[in-house]
1. For the range 80-136, name all the residues that are touching a Leu at 6+ places or on another chain (Cβ under 7 Å) and not hydrophobic (A, V, I, L, M, F, W, C).
2. Restricting to the range 175-220, name every residue that is part of a helix (DSSP H, G or I) and farther than 30 Å from S106 by Cβ.
3. So if I check each of E129, E133, E114, which one is within 19 Å of A41 (Cβ to Cβ), acidic (D, E) and outside any loop (DSSP other than H, G, I, E, B)?
4. Pick from the range 173-220 the residues that are free of Cβ contacts under 8 Å to residues at least 12 places away in the same chain and among the β-branched types (V, I, T): which of them is farthest from E122 (Cα to Cα)?
5. Being in a loop (DSSP other than H, G, I, E, B) and either surrounded by 18 or more Cβ atoms within 10 Å (Cβ to Cβ) or charged (D, E, K, R) (or both) is the filter here; which residues of the range 1-32 pass it?
6. On the given criteria, is S46 among the polar types (S, T, N, Q), assigned to a helix (DSSP H, G or I), touching a residue at least 12 places away in the same chain (Cβ under 8 Å) and out of contact with any Gly (no Cβ under 7 Å at 6 or more places or on another chain)?
Amino acid sequence: MKHTESELVDIKNSISEMWNLVQSQFEKAKTALLNSDEDLARVVISTEKRVNAFELKIDSDCENYIALFSPVAIDLRLVLSMIKINKTLERIGDFADGIARFVLESDEHGSHLELLKEIDVETMLVAVETMLEKTLQAITTENTAQAGMVFSIDNSIDTLYAEAIKKLAGHVVTNPNDALYVLHLMTVLRKIERAGDHCNNIMEEIVFYLDAKVLKHQKK
């Protein structure tokens, strides 16, 4: 294996490790939210520094690779995509951290778990997990065949998010004392919806790297 190839393999391996960590963070945040598990929420928050450390390392490795080897064509697309995917994964880790903090900081959360079921939060969270898994498969197998499925799941999350906001608005009308809790819950829903958008962006970067197609700002 050429030295340049081994450098790319190292970058890919680091991205995969970070991906697995972010997936684990999001899964734990999901469980903490749905079960009001404060201990698990603390685990998510304590692990956030590892995600940040991965981001800094991968950024540095990609910058060094460009500076040392002046890549072109598919190698250049790979490194450029890794830089963007790296940042996007870090943001998804931030969303998981934000969800976990909501569990810890909301005194009323444990008494509102039924409300989460009514607005179908679990379905949104599972959808994001599926997107994370599908995008990781795409880059691991270097196959973009499931891109359409990922984009479709993102659309379904957007629909669920819009429906959940309407249901929460109705809930506040009949339960005005829950207004503050609902406002904070809406920020959590927004984090979940944005996590789906970020998975969508990752898939676009994978398509750019493998198929040399730019999907950004195009209707899916």
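The values are calculated or read from the model by the stated rules, or taken from the named source; none is laboratory data. Model, not experiment: these values are computed from the prediction. Cβ coordinates were reconstructed from backbone atoms using ideal geometry, including for glycine residues, and neighbour counts include every protein chain displayed.
1. D120, E122, T123
2. Residues satisfying the conditions are M203, E204, E205, I206, V207, F208, Y209, L210, D211.
3. After applying the criteria, what remains is E129.
4. By that ranking, first place goes to V214.
5. Scanning the range 1-32 gives a single hit, K2.
6. no
Results for (1) under 20 Å from the mean Cα position of the chain (by Cα); (2) charged (D, E, K, R), shown as yes or no for each residue.
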{"site": "E129", "(1), (2)": "yes, yes"}
{"site": "L132", "(1), (2)": "yes, no"}
{"site": "A147", "(1), (2)": "yes, no"}
{"site": "F151", "(1), (2)": "yes, no"}
{"site": "V173", "(1), (2)": "no, no"}
{"site": "V182", "(1), (2)": "no, no"}
{"site": "R190", "(1), (2)": "yes, yes"}
{"site": "E193", "(1), (2)": "yes, yes"}
{"site": "I202", "(1), (2)": "yes, no"}
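Here's the yes/no breakdown for (1) hydrophobic (A, V, I, L, M, F, W, C); (2) free of Cβ contacts under 8 Å to residues at least 40 places away in the same chain; (3) over 11 Å from Y209 (Cβ atoms); (4) in a helix (DSSP H, G or I):
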{"residue": "L76", "(1), (2), (3), (4)": "yes, yes, no, yes"}
{"residue": "N86", "(1), (2), (3), (4)": "no, no, yes, yes"}
{"residue": "G98", "(1), (2), (3), (4)": "no, no, yes, yes"}
{"residue": "R101", "(1), (2), (3), (4)": "no, no, yes, yes"}
{"residue": "L104", "(1), (2), (3), (4)": "yes, no, yes, yes"}
